[in-house]
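Q: What follows is a single structure, and I will ask about it in a moment.
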Amino acid sequence: MGKLAVNELRTWFLRNVLEAAERQLGAPAVASLRGRLPPRLAAHASLERLRASAALDCVPLHEGEEVLLSVDSFLGDGTGKLLENIGLDLAARVLSQDGSVARSGDLAGTVARLQAFLEHPFVGVPLLFELHRNPTGFSLVVGVSGHSRATRAIRHLTIGAIIAAERFAREVGAENLKLSAESTADRSSIHARYLSLEQPVAPEQPPPSRRAKVVRAPAASLSAEVERILRSTAPPRPVEEESQPPESMTVRVANAVPVRGPASKR
């Protein structure tokens, strides 16, 4: 009968994670983790023991994933933020040590080259890593087959690695990088949005005015209106009629007593 495959996690990876946590939180915080773990896991959280291990040493994957999540829950706030910061720290060290990994101006290409960094710690179980570009950036599916807890841990570590990749690729700027993720069992989908779709910009319409609109009549209509107004008014009297005195005035003059001259002397 063939030997059953054993799923494991390399001890040097646990050491790197705890050392990154120590750089961020201090040695006392990391040392306190051992006292909060059950005995079967406490040995895997000892930096002294991990530093003394050989390069090929491993721990069972189900125990290693518990240690990773315990780092986040006991030393962080349990939301995965601490593991994201640790992933950023570790990926930044890889990118700074190997200049061929980062691709200037190509975030998706840089993330694709971090696949080996993310999958190498796992032994006996492949890491699912599927990256697809899209018009707004890319989507990345990661997961550890049959291990939902390990998938949860690698999801947060991968988000941190993407942020580190952006800093080295310098394609869009950290303020323009939007990351979202969701998990289903042993698969996590991470969506990176940083490119804007080129869409025609509609011309800006002026705000509606509250003032009454003045409708200007066409020139022909305006002339017709003026002519109508002139016709509606009474026409002026002829000049010759105005030169004759009114009838009432003529009557008064005719009935008037003529003025006599001065009386003659008798």
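The values are calculated or read from the model by the stated rules, or taken from the named source; none is laboratory data. All values reported here derive from a predicted model rather than from experimental measurement. Heads up, the Cβs are rebuilt from the backbone with ideal geometry, glycines too, and the neighbour counts pull from every protein chain shown.
Q: Among the residues of region 25-40, are any surrounded by 14 or more Cβ atoms within 10 Å (Cβ to Cβ), in a helix (DSSP H, G or I) and touching a residue at least 60 places away in the same chain (Cβ under 8 Å)?
A: No - not one qualifying residue is present in region 25-40.
Q: A further question follows. Give the number of residues within region 1-24 that are surrounded by fewer than 13 Cβ atoms within 10 Å (Cβ to Cβ) and either on the phi > 0 side of the Ramachandran plot or of a type in the set (A, V, I, L, M) (or both).
A: Qualifying residue count for the region: 4.
Q: Looking at Gly160, Gly76, can you tell me which residue is of a type in the set (Gly, Ala, Ser) and touching a residue at least 12 places away in the same chain (Cβ under 8 Å)? Give the steps one after another, and end with the answer.
A: Numbers: Gly76 fails: touching a residue at least 12 places away in the same chain (Cβ under 8 Å).
That would be Gly160, the only listed residue that is of a type in the set (Gly, Ala, Ser) and touching a residue at least 12 places away in the same chain (Cβ under 8 Å).
Q: Let me ask something additional. Find the residue count for region 139-174, including only residues that are part of a helix (DSSP H, G or I) and either touching a Cys at 6+ places or on another chain (Cβ under 8 Å) or not polar (S, T, N, Q) (or both). Break it down into steps so the answer makes sense when it comes.
A: Just the residues of region 139-174 that are part of a helix (DSSP H, G or I), to begin with: 148-169, 174.
In the following step, the residues that additionally are either touching a Cys at 6+ places or on another chain (Cβ under 8 Å) or not polar (S, T, N, Q) (or both) were identified as 149-150, 152-157, 159-169, 174.
Here the count works out to 20.
Q: Condition first: within 21 Å of Glu22 (Cβ to Cβ), touching a strand residue (DSSP E or B) at 6+ places or on another chain (Cβ under 9 Å), modelled with pLDDT of 95 or more and assigned to a helix (DSSP H, G or I). Can you find one or more residues in region 110-125 that meet it? Show your work before the answer.
A: Residues of region 110-125 that are within 21 Å of Glu22 (Cβ to Cβ), as a first pass: 117, 121.
Those left that are additionally touching a strand residue (DSSP E or B) at 6+ places or on another chain (Cβ under 9 Å): 121.
Of the ones still in play, those that are also modelled with pLDDT of 95 or more are 121.
Filter once more, so that each one left must be assigned to a helix (DSSP H, G or I): none.
Checked region 110-125: no residue is within 21 Å of Glu22 (Cβ to Cβ), touching a strand residue (DSSP E or B) at 6+ places or on another chain (Cβ under 9 Å), modelled with pLDDT of 95 or more and assigned to a helix (DSSP H, G or I).
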